[in-house]
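First up is the structure itself, then whatever we jot down about it.
The values are calculated or read from the model by the stated rules, or taken from the named source; none is laboratory data. Note that the structure is a prediction, hence the values are computed from the model and not measured. Virtual Cβ from ideal backbone geometry, glycine too; neighbours counted across all protein chains shown. For the accessible areas, the whole protein counts, side chains as well, though only heavy atoms, and no ligand, DNA or RNA atoms are used. Shrake-Rupley method; radii C 1.70, N 1.55, O 1.52, S 1.80 Å.
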Amino acid sequence: MKNKFRFCALALIGAATLTASAYTEPQPEVKGVTVGGYLGGRIEACITGRVMNQDIDELVAPFRTKTETSLWQTEFWGKWTQGAIGLYRYNHDKALFEKIKAGVASLIATQQKDGYIGNYKPEAQLGGWDVWGRKYVALALVDWYDLTGDKKALKAAQKEMDYTMSQLGPGKGDIVKSGNYVGMASSSILEPVVYIYKRTNEKKYLDFAEWIVAQWETPDGPKLLSKADVPVALRTPYTEVWYGEKNGRKAYEMMSCYEGLLELYKVTGKAEYLDVVKKVVNHIIAEEITISGSGASQECWYGGKTMQTYATLLPQETCVTFTWLQLCNRLLRLTEDPKYADCIEQTIYNALLGSMKGDGSQIVKYTPLEGYREEGEHQCGIHINCCNANGPRAYALIPMYAYIAKSNGIDVNLYGQGTATVKVGKNPVNLAQQSTYPESGNVKVLVNPEKSEKFVLKLRIPAWSAKTVVKVNGEAVDGVSAGSYLVIDRTWQKGDVVTLDFDMRGRVHKLNHCVAVTRGPVVLARDSRFGDGFVDESLRLVEKDGYVELTEDKDKGFAWQSFLVKTYKGLYNEFNYESQIKMCDYGSAGNTWDKSQRYRVWLPEVNDPKLK
């Protein structure tokens, strides 16, 4: 298989009715999704280089010994399993299925009679990362149940949750006093609690979920509801112990709690839950997310959007990148607000693609906007770390993001070479995209319903595309607006063709006396391998009205995309002699993970007092 895989919403093995899964939320109405071109190739590299090469027995071993008192080994099995299941739904590879199946069986065999599945000593349970690890076990078991109908998996998840509820709850242990980061790590177990309730309809799980949310607002809790209007980096004061119990700015764990809150909203319909998450995400977009679509320093929010031009310690953890993608995807499906789709695209083409080594074997822990990338450490005595385990979940999300099926139509979110079959009512509609997007801004969508039918096709018009032309069967469509969905409501017939022409001009971004360039959804970067000068040198772009001319580099070498950019280089060009530099896509920059090679996104800008 080269550059294409197939997503099927129903498993070939097993006959379960596929409900919303633990994180990928597959749609029975969307089948046959393929992602081609460069992006499809990166998904393939993730499967073959990372997922299939994982030693699963090593991930299960800590569950057998149960000697831990503080570390997080148990998250690795759950994360890997979820990523593998999501990617199996995409490519339906039998070898991958068998690998997952063997891992699930090995894991369930470690469950104690009381229901505990974990790695902690009895006297250490509820401390450290114990409840956090139980969350990932439950998520993966429910996901496997959804895929196969294996009731043993659902029963194991129930027993684990029942055991947890025997230790935590009214009159028992307080969840916000267990674990790390003001209880956010432990209370993020809210998500699988809701999933188990949805699959069993046992009210005790719903009651437990509501209790968890109530604990957030207790004196010792993280105030995840009442502080929705507070910038996420300002919710708790800086603490002497950064990675510890009292730091309430931990990005990954905070967003995980809000993911659970969205799932609870789906069950209860309590509008305040959705409103809270929307407010928080607005803050994250406004104050934290960088030009590459991720954020955080040392895994915590710090107001990084305005400080992204500075060299930052341990920036943009891949676990943060994935969780941000997942949170935006949930909001997109709930609200159909295209700003979340734009956020997802930005993150996929930059922070996510930039996180994986060229051969797909490793997923980096941190993705700086300057410097180099390097392999993360092995954690907890296992040959894996949190981001290597989590990264494949992000790649599995890509085809899930592509289309949203509705009773009256289809939302198109992802552009590029690929196919899908989307059921509108009872009528299957085959969609085929012909495009090299985002290398090119031209997209052709072939719309072929099984029979002619009136329905709505909603096309995402990215906020960055100031000038977009859309045509149906050669006729221009009015009402195209950046940052919105273009709604085309008509009777569609076999052979209909939609064309989109996006604005791929190079856009100039300025911040803190630095300058950056984006093209389409892709961030560009200098890379020392081009040999075209010092990547940290000061310069000034030859720009007009916020745009810079980009000339395709015919000799792009190591890069997926590469361009020649006109500049005024250096501090001593008194007569403004023009020069040029090369810039490539952020994902290609530094992807050898060689410390002797450097890249940079934000370029120092020469100060010219003559210019206002």
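Counting residues in segment 259-279 that are among the hydrophobic types (A, V, I, L, M, F, W, C) and in contact with a strand residue (DSSP E or B) (Cβ under 7 Å, 6 or more places away or on another chain) gives zero. Of all residues assigned to segment 260-268, none qualifies as being within 19 Å of the chain's Cα centre (by Cα), within 18 Å of Glu287 (Cβ to Cβ) and in a helix (DSSP H, G or I). Scanning segment 404-430 for residues that are open to solvent by less than 10 Å² (accessible area, probe 1.4 Å) and assigned to a strand (DSSP E or B) yields a total of 10. Within segment 579-598, being at pLDDT 95 or above, of a type in the set (Lys, Arg) and part of a loop (DSSP other than H, G, I, E, B) holds for one residue alone: Arg598.
The residue that is nearest to the chain's Cα centre (by Cα), among those in segment 304-317 that are surrounded by fewer than 20 Cβ atoms within 10 Å (Cβ to Cβ) and within 25 Å of Ala341 (Cβ to Cβ), is Lys305. Checking Ile289, Ile284 one by one, the residue that is buried (at least 23 other Cβ atoms within 10 Å of the Cβ), aliphatic (A, V, I, L, M) and part of a helix (DSSP H, G or I) is Ile284 and no other. The test for being at negative phi, in contact with a helix residue (DSSP H, G or I) (Cβ under 6 Å, 6 or more places away or on another chain) and not β-branched (Val, Ile, Thr) does not hold for Ala482. Tell me, yes or no, whether segment 438-451 has at least one residue that is surrounded by fewer than 18 Cβ atoms within 10 Å (Cβ to Cβ) and within 25 Å of the chain's Cα centre (by Cα). Within segment 438-451, one or more residues are surrounded by fewer than 18 Cβ atoms within 10 Å (Cβ to Cβ) and within 25 Å of the chain's Cα centre (by Cα). When the helices (runs of 4 or more DSSP H) confined to segment 136-221 are screened for residues that are touching a residue at least 40 places away in the same chain (Cβ under 8 Å) and open to solvent by 20 Å² or more (accessible area, probe 1.4 Å), those reaching at least 1 such residues are found at 151-167, 190-200, 203-216. Which one is most open to solvent (accessible area, probe 1.4 Å), of the residues in segment 542-560 that are more than 14 Å from Gln580 (Cα to Cα) and free of Cβ contacts under 8 Å to residues at least 24 places away in the same chain? Among residues in segment 542-560 that are more than 14 Å from Gln580 (Cα to Cα) and free of Cβ contacts under 8 Å to residues at least 24 places away in the same chain, the one most open to solvent (accessible area, probe 1.4 Å) is Lys554. Suppose we keep only residues that are more than 19 Å from Val51 (Cα to Cα) and hydrophobic (A, V, I, L, M, F, W, C) within segment 335-381. Which one would you say is surrounded by the fewest Cβ atoms within 10 Å (Cβ to Cβ)? Ranking the candidates gives Cys380 first. Of the strands (runs of 3 or more DSSP E) lying entirely inside segment 462-541, the ones with 2 or more residues being surrounded by fewer than 19 Cβ atoms within 10 Å (Cβ to Cβ) are found at 469-472, 484-492, 496-501, 506-511. When the criteria are applied in full, Gly248 meets the requirement of being in a loop (DSSP other than H, G, I, E, B), small (Gly, Ala, Ser) and within 22 Å of Trp72 (Cβ to Cβ). Collect the residues in segment 275-299 that are of a type in the set (Ser, Thr, Tyr) and over 17 Å from the mean Cα position of the chain (by Cα), keeping them in residue-number order. Residue satisfying the conditions is Ser297 alone. For segment 553-578, a residue qualifies if it is out of contact with any Leu (no Cβ under 8 Å at 6 or more places or on another chain), assigned to a strand (DSSP E or B) and at pLDDT below 95, and exactly one does: Glu578.
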